[in-house]
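Asker: Questions regarding the structure given below will be posed in turn.
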Amino acid sequence: MMKYSSLVLCFALCSLANSLIAQEEGNIEAPETLSGRPLDYNNLARLPYQQLIKIAQSDARTDPGADEYKLRIQSRDSTIQSKDIELFLDLEEGPLVLVVDNDGFVVIPFNEELMESNPDLIANQPRGSLNIYVDLEVPKVTPPEITDGRVEYRELFRPLVEIQTEMRKVDPTFGLSGQQFVLEIETGEEPIKITRALGSRTFRPNSRGKVYMIMESYLYEENPEVEIPNEVKMNVLPASQEEIDDIRSR
């Protein structure tokens, strides 16, 4: 049996500096936004509208014909609350304020006029300090085939590889920054054993009867045999780099 978790994909809301301004030296007046507001390109978080919509539409469950999308935005600074974040679309006729609610959600309007003009989404927070989150449905795959308590390493991790491949169709950098998936295998009291030419390694379940495994490239290449109970419950879960490091250290 295999279950799948939804993935919260995170995108940084960064400053996109004008290359000409970045290269020039000397005393330069702060550039203005389309709406006429003075703005220091190097200090405030901003994101082009088209890129924002690409993020919003990255979940296959969203309606590409919708007239608005809801995203969650959060500061990396734990002292900054949702009510402290101010956002606006930098329209030529004037800023269009987007309200962030108490849970960090913001509604983004969508129409062809905005796509064509491609205004920046601008925040009152420093560049690189905000994250935009979108919930993605992890694609379904078939569970690995376990025969007589044995399975090849590549077959065990095949569902994870297939899911990660699909996720990179949405975000080509997925996994490159440390975010990837792990296997959560519920074996009860039974261990999982990997047998290699140079020896073997045993993974014992924790107090809840679960074993967490990450895919190691050298093992995937070697493809050793894995001893595992025939009847197990298996989840594919997204994990941060900190969680990956913790699993690897056990």
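Asker: Tell me which lysines have Cα within less than 19 Å of Lys193's Cα, excluding those fewer than 8 residues away on the same chain?
Answerer: Result set, ordered by chain and number: Lys210, Lys233.
Asker: Let me ask something additional. What full-extension length gain, to one decimal in nm, is calculated for Met115 and Gln57 as 0.36 nm per residue of separation minus the Cα-Cα distance? Before the final figure, lay out the partial values.
Answerer: On the way: separation 58, 0.36 × 58 = 20.88 nm, distance 1.32 nm.
Once the chain is fully extended between Met115 and Gln57, it gains 19.6 nm.
Asker: Nothing charged except the Cβ atoms of Lys and Arg (+1) and of Asp and Glu (-1): what's the magnitude of the dipole of the stretch 181-250 about its Cα centre? Round to the nearest 20 debye. Kindly include the intermediate steps, with their values, before the conclusion.
Answerer: Details: 9 positive and 14 negative charges, 39 e Å.
Computed charge dipole of the stretch 181-250: roughly 180 debye.
Asker: Just to check, using Stokes-Einstein with a Kirkwood Rh over alpha carbon pairs, what's the diffusion coefficient of the stretch 150-249 at 20 °C and 1.002 mPa s in µm²/s? Mind dumping the intermediate values first?
Answerer: Working: Rh = 14.2 Å.
Calculated translational D: 151 µm²/s.
Asker: While we're here: Can you list the lysines whose alpha carbon is less than 27 Å from that of Lys70, not counting same-chain residues fewer than 8 positions off?
Answerer: Lys3, Lys54, Lys83, Lys140, Lys169
Every number in this text was worked out from the coordinates using simple rules, so none of it is lab data. Just so it is clear, the structure is predicted and the values come from calculations on it, not from any experiment. Positions of Cβ are backbone-derived with ideal geometry, glycine not excepted, and every protein chain shown enters the neighbour counts.
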